[in-house]
Amino acid sequence: SGLRLYVPPRQHFPGRGQCGGMWACNAATASSRRPLAAAALGVLGRLGGLGAGAGPAPGALPMPLPATIGGARSVTRQAMKVSGNVLGHKMEVIYGQHSKRRPQAPPKIPKHPMLDIDQNMNEVLTYGDLKLRWQHTFKFSPSKMKVARVWKPQPNTSPPVKPTCAFIWHREMPHRSPMPEAPKPEDFSKLDTSKAFAVFKSGVMHQHKVTVGDLVQCEKLHRREAGEKIVFGTVLLVGTKKFTVIGKPTVPYAKVHATVEQQTLTKEMLTYHYLPRKRQSRFLRRRQYVTMVRIDKIVLDPAADSMDPPPPKPLRLLDLWANRWLDPAETAHVEMVAGPDNSLVPKAAEIYDGSEHQPGTYHRRGLTSCYRFWPDPRHTHWRM
């Protein structure tokens, strides 16, 4: 007979052919092997005025099937939208470790009925039904997902952001517009920092809020002795009763001058090591090297050049590579020779010009004009 019975794609009939990815069989074959399908054909014949062996008229369209055939889902289905699986364009998900999925092909995208020439459109009522059929081929449960990667905006590193700051007079607050980097030139004389406070960095990880006269404990500053004058150039904020300077990230024209009080050790810190089931345990006493500095003054000079001068080249290799305190006899009597332009240069310059063999060499040894640490754009140390 010419009547064709639609069977859902997941029901498999052994020995039947496949037409365009959808199973179909005629009435005689279905009645011989599937009694339920034969009963359905009889119902269809009575409803449509067809006999058991009658077929549709030549050129007539096939009749739509009822909602259910033998308890299976029919062709028509209410349109629905998958919820919980729509992720933003800035998030990626993967299946969690608790859900073990079998390897299978990714879901395909259906073609338009006018372009899909391999599909028998007489077996599909609407194009929306075809999309729903493909949509539920593979089920992606949001409960079995986990966030794999969240896309973050790329930092603006090329070109690098120019370091700046914001100078704010308290009498002009609240302000609704961006503040300038420095005050007006006629107001430079009004910048009194004798009673100011500052937030500066004495190391990569340590910040200090200080005023003039404070005693600060910082990490060890190498090759420094008591009484030496040092300068910290990474100043994050300066404030007084009349104005505030906020660094973005640092204030380029602010510096903190200090004097080294002593190079000393901290008190003992006890650490306990214990290995279970090994009968091993021990106490360790550890003391950390620190440098005590006294804050002398806080300088704000917008008119000065914010660029640091190049570090002076050492006169001898021993001055650059020594890992101990140098005696006065060692620091004096430097051997000098005639240079290319008949000027006196250290003899060590014949074999080494004094350039840094790695970034931060002069900074670590205190040979630069001031100490600068991250996030200062002009820092040179390589350790973060």
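Annotations for the structure displayed:
- Shape class for region 281-347, computed from the alpha carbon gyration tensor (a ≥ b ≥ c): oblate, with a/c not under 1.5 and a/b at or below b/c.
- Across region 197-244, the relative contact order, built from alpha-carbon pairs under 8 Å that are at least six residues apart, equals 48 percent.
- Full-stretch length increase - Glu356, His206 - with 0.36 nm per residue and alpha-carbon distance subtracted: 51.4 nm
- All other residues whose Cβ lies under 14 angstrom from that of Lys267 are scored, Lys and Arg at +1 and Asp and Glu at -1, for a net of +2.
- Peptide ranges 206-213, 244-251, 223-230 listed from the most packed, as the mean C-beta count within 10 angstrom indicates: 244-251, 206-213, 223-230
- Gyration tensor (alpha-carbon) shape descriptor, region 230-384, a/c threshold 1.5: oblate
- Averaging the sequence gap over all C-alpha pairs within less than 8 Å and six or more residues apart, then dividing by the number of residues, gives region 212-271 a relative contact order of 38 percent.
- Around the Cα centre of region 252-384, unit charges on the Cβ atoms of Lys, Arg, Asp and Glu (plus for the first two, minus for the last two) sum to a dipole of about 1520 debye.
- Sorting 305-314, 369-378 by their mean Cβ neighbour count within 10 Å, with the most densely packed peptide first, gives 369-378, 305-314.
- Under the simplified labelling scheme, the Gln217-His175 pair shows an inter-label distance of 3.8 nm, with each label point 7 Å from Cα along Cα→Cβ.
- For Lys162, the aspartates and glutamates whose Cα falls under 17 Å of its own Cα, not counting residues fewer than eight places away in the same chain, are Glu181, Asp305, Asp308, Asp376.
- Counting charges near Leu236 (Lys, Arg +1; Asp, Glu -1) among other residues having Cβ under 11 Å from its Cβ returns a value of +2.
- Near-label residues of region 241-266 by backbone N, under 11 Å of a point 7 Å along Cα→Cβ of Ala226: 261-264
- A simple packing score, the average count of other Cβ atoms within 10 Å per residue, orders the peptides 292-304, 332-344 as 292-304, 332-344, with the highest score first.
Taken together, the values in this text are just the output of simple stated rules run on the coordinates, not laboratory data. All values derive from a computational prediction rather than experimental measurement. Glycine gets a Cβ as well: all are built from the backbone with ideal geometry, and neighbour counts include every protein chain shown.
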